[in-house]
Structure formats: structure tokens, C-alpha cells
1. Restricting to region 121-161, name every residue that is acidic (Asp, Glu), closer than 16 Å to Val210 by Cα and without any contact (Cβ under 8 Å) to a residue 60 or more places away in the chain.
2. Tell me the residue from Thr230, Thr194 that is surrounded by fewer than 20 Cβ atoms within 10 Å (Cβ to Cβ), out of contact with any helix residue (DSSP H, G or I) (no Cβ under 8 Å at 6 or more places or on another chain) and in contact (Cβ under 8 Å) with a residue 40 or more places away in the chain, please.
3. When both residues are 6+ apart or on different chains and their Cβ atoms are under 8 Å apart, which pairs have a first residue that lies in region 173-184 and is acidic (Asp, Glu), and a second that is part of a helix (DSSP H, G or I) and open to solvent by 40 Å² or more (accessible area, probe 1.4 Å)?
4. What do you reckon, is Gly126 part of a loop (DSSP other than H, G, I, E, B), open to solvent by 20 Å² or more (accessible area, probe 1.4 Å) and in contact with a Gly (Cβ under 8 Å, 6 or more places away or on another chain)?
5. Within 48 Å of the chain's Cα centre (by Cα), open to solvent by less than 30 Å² (accessible area, probe 1.4 Å) and either among the charged types (D, E, K, R) or modelled with pLDDT under 95 (or both): is that true of Glu165 in this structure?
6. Which members of region 201-226 meet the condition of being more than 17 Å from Ser167 (Cβ to Cβ) and surrounded by fewer than 18 Cβ atoms within 10 Å (Cβ to Cβ)?
7. Which ones in region 179-191 are under 17 Å from Val225 (Cα atoms) and open to solvent by 50 Å² or more (accessible area, probe 1.4 Å)?
8. Going through region 224-233 one residue at a time, which ones are touching a Lys or Arg at 6+ places or on another chain (Cβ under 8 Å) and not in a strand (DSSP E or B)?
Amino acid sequence: MGSRFNQRDQKRKVNKIYNIAITIVSILIVIVAVSIFLSDDGTESKKATTKPKQVAETEKGKVVDKPAGKEEETDSEKEDAVGDSEATEEDAEKEDSKAKEEDAEEKTEDDADSEKAGDELVEVEGSGDGNVAATYTSEGWKPVGTEQSGEHTTSFEKGSVDWNEMSKAIASGAGIDEGSMKLWWLQNGGSPTTAIGTVSEGDNPKTFRVYIEWVDGSGWKPVKVEELKTNDKR
């Protein structure tokens, strides 16, 4: 009987020990679980805290960058404005230069037209010579200039200064290039200050009789041209 009681007592002790051990293990499990939960919660909280900070820093960085970008845009706008201003000035200069060129061209054309109008031949009544087809004068005829000085003496010596200047005036009146002009005849015009020359251009059969007169200090000047029907000096 005493043995059975002892066995029961031992069994109770063992059960008690098991219960205590189980309780301790349960407590440890609860502690570990709570620790893990708290640890995870802290990590999540830290992450959550870190992200807003980073976002805040990022946004702050953007806020700081915006004025710089704005300043860059402003500088770019200033450069564009300067470029536009320079382009406008260049365009204005080009327009002004173009306008001046056009004015110069118009003036040149006007001068040319005036000169042409002055050189235009005007048909007048002839002398009644049967060999004359038409008679012309021009307000545009001017003295051809002279190298001579002092009192003038007309010279019909071929190759003399006076002869050469008369040839130049005759070519001017006939409208012929002096280099291609053929001088068929050169004679006194009835006074010491007048002369008459008969000329043609190259092989062209058209012949002209040109009347010239001397202008003191300025040289010989054409005064009348007769277009001949035939070359009477050939």
C-alpha cells in the first residue's frame, strides 16, 4: 500500500514538472512571438518613417531645383530675346542697305534715261541737198574735251592733236565707235571754228556727214548730222 502511494506521489510530481515545463515553454513561445511581432512592427514603422523623409527630401530637392531651372529658362529667354533683337537689327540693316541699293539703281537708271534722252537724235529740216536722206541734231551732244591750250588754230594735218580731236567729235556725233570708224573726208566748215567730216562704220554702207564746231577750252562739239543716201566721198 505504501508502495502504491509512493508511485502515485512520484507520478504527481512528474506531472507537475511536465506542467511547469509546458507552462515555461508556452511563456517562452509567447515572448518570442511578441518579440518578433514588435520587431516587424518597428521595421515597418522605420520604413514608413524613412520613405516620407526620402520623399520629403526629394520634393525638397525638386523645390530647390525649380528656381535653378527657372533661372536657366530665364537666361535662355534672355538669350533668345538678345538673338531676336540682333536678328531684328540685322534685318533692319539689310532692308536699309537694300533700299539704298534700290535708290542707287533707280538713280542710275534715271541718269541713264536722262542721258539717253539727251543723246536722242531729233530730226530737223534739211538743207535741201538731194543726197541727204535725213538731218538730225541732239541736245545731248557735248564738247569732247581738248589737250590744247591758248588760242586755237584748226589743223587739218592728219595725225595732229586737232585732227584727232575732230575725229573724236565726229565719231560722237555719228554714234560710231572711233576704233571702227572710217573717215572718208574732213574739211573746213566755212569758218576757222567749224569742220565737216564724212564717215561710215566699217563695211556698213550707211554714211554720215557730221558738222562740228570748236568751243574754247572744251574742244570740238557735234552740232548736226546728215544721213547720206550714198557715200559721195568714196
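1. Glu123, Glu125, Glu139, listed by residue number.
2. Thr230
3. Going by the 8 Å Cβ cut-off, the qualifying pairs are Glu178/Lys168.
4. no
5. yes
6. Once the filter is applied, which keeps residues that are more than 17 Å from Ser167 (Cβ to Cβ) and surrounded by fewer than 18 Cβ atoms within 10 Å (Cβ to Cβ), region 201-226 yields Asp203, Asn204, Pro205, Lys206, Asp216, Gly217.
7. Within region 179-191, Lys182, Leu183, Trp184, Trp185, Gln187, Asn188, Gly190 meet the criteria.
8. Passing the criteria: none in range.
The values are calculated or read from the model by the stated rules, or taken from the named source; none is laboratory data. No experiment lies behind these values; they were computed from the predicted model shown. Glycine also receives a Cβ, built like all others from the backbone with ideal geometry; neighbour counts cover every protein chain displayed. For the accessible areas, the whole protein counts, side chains as well, though only heavy atoms, and no ligand, DNA or RNA atoms are used. Shrake-Rupley method; radii C 1.70, N 1.55, O 1.52, S 1.80 Å.
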